[in-house]
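In what follows, a structure is listed as structure tokens, so that the remarks can point back to it.
The values are calculated or read from the model by the stated rules, or taken from the named source; none is laboratory data. Just so it is clear, the model here is predicted, and its values are computed rather than measured. Virtual Cβ from ideal backbone geometry, glycine too; neighbours counted across all protein chains shown. To get the accessible areas, we keep the full protein, side chains included, count just its heavy atoms, and leave off ligands, DNA and RNA. Shrake-Rupley method; radii C 1.70, N 1.55, O 1.52, S 1.80 Å.
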Amino acid sequence: MAIEKMKLLRIIAPESRFDEIVAQHVLGHEFQPENAMSVMSQSAKTLKRMEGQNPYAELLRTVRDLASKNGIELEYRDFAPLIGQPNDSEEYFHDFAEKLEAMRRERDELTFIANEDEKIVDQLEHIKGMGNVEDVSDFFELEYARFRFGRMPRTAYEHFLSFLQDSNDFYFFLTSEDRDFVYGVYLVPRRHENRVDTLFASLRFERIYISDKVHGSPDEAESELKKEIVDDSARASTIEKEIEAYIAAERENFLTRYCLLKYLSEAYDMRKYAVVADDRFFLYGWVPESEVAKLEAELDRAGGVIHQTDDPSMISDVTPPTKLKNKRFFRPFQPFIEMYGRPNYNEFDPTPFMAVVYTLLYGVMFGDLGQGVLLAICGYLMWKLRGMWIGKVLVYTGISGALVGIAYGSVFGFEDLLPFGFHVLESSANTNTALQFSIYIGLAILTVVMIMNIISGLRRRDYAKALFGQNGFAGLVLFYGVMFILLPMLGYLSISLPGWALILMIVLPLMLIVMREPLGKLVAGDPDWKPESFGSFLVQNLFELIEVVLSYVTNAVSFMRIGIFVISHAAMMGVVFMLAGGHENPNMVVVAIGNVFVMALEALLVAIQVLRLNFYEMFGRFYDGDGREFTPATVDYGSSDN
């Protein structure tokens, strides 16, 4: 019904040409590879899998890391000019990485030196208080004394100030100070060096080592270092620009070679689907029927390739993937189907059915002309401005709600603006009619889904499902037998069948449902159709009959929620007008706020309830949803792995 027909394409060619044929003639086409060992299971003993480690995988990981590190967003570039030329990609990417590494190493070294020089300049600021010093480096060459420069906490300095000034074992003088620390130097004779160093350590004196780059007076050394800082920073900045320019210049070449590498890697990975026998490879894959001629023409162009297509009905070991092909109107509802499960290749695609039922039921439960139009506008904006697929669904359901709202004669809750309309709360008869109408909607929908189940089962030659299952022909008869009992009890049906007819419509289908498995095998011609033990088989299946009958009742009654929501919508709007002071002269602000609240609440609740009706009451009766998606062998050139 909207599932594209598939063909299984078999490709046979010399093993030595695998990479060439796959890369140049298969990859990128509508071809989903199938495990050849599964297809050729009967010949498995004479087959062997194609072996080998992907030679491009490690380099591909390296290239991805390079791209990430250098801010290159991986995307497609045409690599056709590189095909047929010597593959020097590994050498290119190695040189690319080496050159950038060398440039960054030089930049980092210059930046490090500049930062270290900044620290030295900060040290020199604290040494200037020593007075007129011709060459700071002279202090490191003293023969009979040791020179120490550093800082100590201001509190320690002030507490031991007299001691520091009066000691004869060392000479200490202050060079600079800030809020928390004082900076200074002390000179100590070599013979007292260790003892004085220990003493100052106890005073929490932190020694600051002066770089051997400092020469001349503090002012001269500072000037020299600042010049070096400027030069090194400028050179580092220049190198950074050279790095950016190099990456920009090589970006297209980088991406082109990456795409070729990615393409070759994906082509090589196709080996895991192929098998080899007599130096020839066998590769199988699913191709949409509409694309078969194009791919076969491509394989003919390769030359020396044997190819053949088979119909899925001839293949018993594998099931074709499912490719949905719906009309534009139905496509917004495909995500709902995928939530439940993609249809099996041999069953109905419920997308069109759900699109119609969902839209109509939503409109019936949400019926209001004004609110429906607003909901459609909101959905349109969600779709156009935010690209949300649910926005399209709201457009359809909003329009449906507006059209049904005309039938209800309701415009933003006002039921006197239109000269006609079905007002559900106008009388108890109208209320009862809404509930009765809901049941009949449920009967019609359940009848359709059970017929769909019968057709689906016949197509798949599953006779137990189609003829004897609880949702098959026997189930359909039983369902109507139960309804002919239930509906008169509810007062929704005046027709009553004779007792013998009801017994026949209930007892006979129940017997068929109990025996569905052996009867299905019998109709299919299976010689092993008899159960091992009829006694245990009957006991096991008889207990299911109560659940079967109850499911018919609960499914039908479940559709009464349609009428209940029609009633609740009208009731909530009645509360809004009561708060607004009545219909004749209402407070329009209250009416507006009430409409927004009711519309938002009802839009969400109705969406959930209609989805529940589709998933539980309908899909459970005809839809398996155990299919697999058609995913052709294409190449994703993005940064993540396939």
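Only residues that are open to solvent by 20 Å² or more (accessible area, probe 1.4 Å) and either of a type in the set (Val, Ile, Thr) or part of a loop (DSSP other than H, G, I, E, B) (or both): list them for the range 593-629, please.
Within the range 593-629, Ile593, Val596, Ile608, Asp624, Asp626, Gly627, Arg628 qualify.
Can you report the number of residues in the range 477-513 which are surrounded by 12 or more Cβ atoms within 10 Å (Cβ to Cβ), outside any helix (DSSP H, G or I) and out of contact with any Phe, Trp or Tyr (no Cβ under 7 Å at 6 or more places or on another chain)?
Final tally of qualifying residues: 3.
Residues of the range 335-348 being under 23 Å from the mean Cα position of the chain (by Cα) and not small (Gly, Ala, Ser), which ones?
Matches in the range 335-348: Pro335, Phe336, Ile337, Glu338, Met339, Tyr340, Arg342, Pro343, Asn344.
Please verify whether the range 121-137 includes one or more residues that are open to solvent by less than 60 Å² (accessible area, probe 1.4 Å), touching a Ser or Thr at 6+ places or on another chain (Cβ under 6 Å) and assigned to a loop (DSSP other than H, G, I, E, B).
The answer is yes; a qualifying residue exists.
So, Val590, is that one open to solvent by less than 60 Å² (accessible area, probe 1.4 Å), of a type in the set (Val, Ile, Thr), farther than 30 Å from Glu547 by Cα and in a helix (DSSP H, G or I) or not?
yes
Of the residues that make up the range 214-221, is at least one of a type in the set (S, T, N, Q), open to solvent by less than 50 Å² (accessible area, probe 1.4 Å) and under 60 Å from the mean Cα position of the chain (by Cα)?
no
All but one of (1) under 30 Å from His215 (Cβ atoms); (2) open to solvent by 40 Å² or more (accessible area, probe 1.4 Å) hold for Tyr76; which doesn't?
Here Tyr76 meets the rest and fails (1).
Within the range 155-173, which residues are open to solvent by 60 Å² or more (accessible area, probe 1.4 Å), not in a helix (DSSP H, G or I) and not polar (S, T, N, Q)?
Of everything in the range 155-173, those that are open to solvent by 60 Å² or more (accessible area, probe 1.4 Å), not in a helix (DSSP H, G or I) and not polar (S, T, N, Q) turn out to be Phe160, Tyr171.
So which of Gly391, Gly372, Gly379 is in contact (Cβ under 8 Å) with a residue 12 or more places away in the chain, part of a helix (DSSP H, G or I) and over 27 Å from the mean Cα position of the chain (by Cα)?
Exactly one of Gly391, Gly372, Gly379 is in contact (Cβ under 8 Å) with a residue 12 or more places away in the chain, part of a helix (DSSP H, G or I) and over 27 Å from the mean Cα position of the chain (by Cα), namely Gly372.
Of the residues Phe559, Phe565, Phe543, only one is exposed (fewer than 15 other Cβ atoms within 10 Å of the Cβ) and at negative phi; which?
Phe543
Report whether or not Pro531 is open to solvent by less than 50 Å² (accessible area, probe 1.4 Å) and touching a strand residue (DSSP E or B) at 6+ places or on another chain (Cβ under 6 Å).
no
Looking only at residues in the range 188-206 that are open to solvent by 40 Å² or more (accessible area, probe 1.4 Å) and closer than 20 Å to Glu158 by Cβ, which one is nearest to the chain's Cα centre (by Cα)?
Top of the filtered list is Glu206.
In this structure, is Ser38 out of contact with any helix residue (DSSP H, G or I) (no Cβ under 7 Å at 6 or more places or on another chain), in contact (Cβ under 8 Å) with a residue 12 or more places away in the chain, part of a helix (DSSP H, G or I) and open to solvent by 80 Å² or more (accessible area, probe 1.4 Å)?
no
Only one of (1) free of Cβ contacts under 8 Å to residues at least 24 places away in the same chain; (2) farther than 23 Å from Arg271 by Cα; (3) within 35 Å of the chain's Cα centre (by Cα) is not met by Arg61, so which one is it?
Every listed condition holds for Arg61 apart from (2).
I'd like to verify a number: residues in the range 210-252 that are touching a residue at least 12 places away in the same chain (Cβ under 8 Å) and among the basic types (Lys, Arg), how many?
Going through the range 210-252 one residue at a time, the tally reaches 4.
Quickly run through the range 202-256 and pick out the residues that are under 30 Å from Phe147 (Cβ atoms) and among the hydroxyl-bearing types (Ser, Thr, Tyr).
Ser202, Tyr209, Ser211, Ser217, Ser223
Does Ala444 fit the bill of being surrounded by fewer than 15 Cβ atoms within 10 Å (Cβ to Cβ) and at pLDDT below 90?
The answer is no for Ala444.
I need every pair where a residue in the range 316-338 that is under 13 Å from Val356 (Cβ atoms) has its Cβ under 6 Å from the Cβ of a residue that is modelled with pLDDT of 90 or more and among the hydrophobic types (A, V, I, L, M, F, W, C), sequence separation at least 6 or different chains.
Matching pairs, first to second residue: Phe330/Ala355; Pro332/Trp389; Pro332/Val393; Phe333/Met354; Phe333/Ala355.
Criterion first (open to solvent by 80 Å² or more (accessible area, probe 1.4 Å) and modelled with pLDDT under 80) does Phe537 satisfy it?
It is false that Phe537 is open to solvent by 80 Å² or more (accessible area, probe 1.4 Å) and modelled with pLDDT under 80.
Report yes if Phe336 is over 27 Å from Val590 (Cβ atoms) and assigned to a loop (DSSP other than H, G, I, E, B), otherwise no.
No: the conditions fail for Phe336.
If you scan the range 394-431, which residues turn out to be farther than 28 Å from Pro332 by Cβ, free of Cβ contacts under 8 Å to residues at least 40 places away in the same chain, open to solvent by less than 50 Å² (accessible area, probe 1.4 Å) and in a helix (DSSP H, G or I)?
Asn430
Tally time: how many residues in the range 364-376 are farther than 8 Å from Gly398 by Cα and open to solvent by 10 Å² or more (accessible area, probe 1.4 Å)?
2
Scan the range 282-322 residue by residue and report those that are modelled with pLDDT of 90 or more, in a loop (DSSP other than H, G, I, E, B) and under 14 Å from Glu34 (Cβ atoms).
Result: Pro320, Pro321.
When both residues are 6+ apart or on different chains and their Cβ atoms are under 8 Å apart, which pairs have a first residue that lies in the range 80-103 and is more than 26 Å from Glu20 (Cα to Cα), and a second that is of a type in the set (Phe, Trp, Tyr) and in a helix (DSSP H, G or I)?
Pairs that qualify, where the first residue is more than 26 Å from Glu20 (Cα to Cα) and the partner is of a type in the set (Phe, Trp, Tyr) and in a helix (DSSP H, G or I), are Phe96/Phe254; Lys99/Tyr246; Leu100/Tyr246; Met103/Tyr246.
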